[in-house]
Amino acid sequence: MALPLVGCFDFDVGEVFAICEAFVVLQRLGFEIAYVKSDSCNVVNGNPSCDFVLREGNRVAHALAKFACSSSKDKIWLYVCPIFVHSLLFADLS
């Protein structure tokens, strides 16, 4: 999922917005969310449903965020992986 965010925001605000939007879309699609991984200590701190992960271990999310910044439309991929994420996905899993 990649949604452009219009405006000027602090990184943590953008991270929280992205997490909230993901929850809304996934719930509408019938998915149940157990926890979230984020590279923002401020977002994860004190939240039992969030785990901290270094940005190096979260390259897929970073690539999708960069893509969203360069896109003017919302993008949601179901049951397929965007081609520009394939190699990053395997790197994150290892």
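Residues checked against (1) touching a Gly at 6+ places or on another chain (Cβ under 7 Å); (2) modelled with pLDDT under 85; (3) not in a helix (DSSP H, G or I):
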residue	(1), (2), (3)
Gly14	no, yes, no
Phe17	no, yes, no
Gln27	no, no, no
Glu32	no, yes, yes
Asn47	no, yes, yes
Val60	no, yes, no
Lys66	no, yes, no
Tyr79	no, yes, yes
Ser87	no, yes, no
Matching option when the condition is surrounded by 11 or more Cβ atoms within 10 Å (Cβ to Cβ) and touching a residue at least 24 places away in the same chain (Cβ under 8 Å), among Leu78, Leu26, Leu88: Leu88
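The values are calculated or read from the model by the stated rules, or taken from the named source; none is laboratory data. Everything numeric in this text was worked out from a predicted model, so none of it was measured. Here the Cβ is made from the backbone with ideal geometry for all residues, glycine too, and neighbour counts use every protein chain on show.
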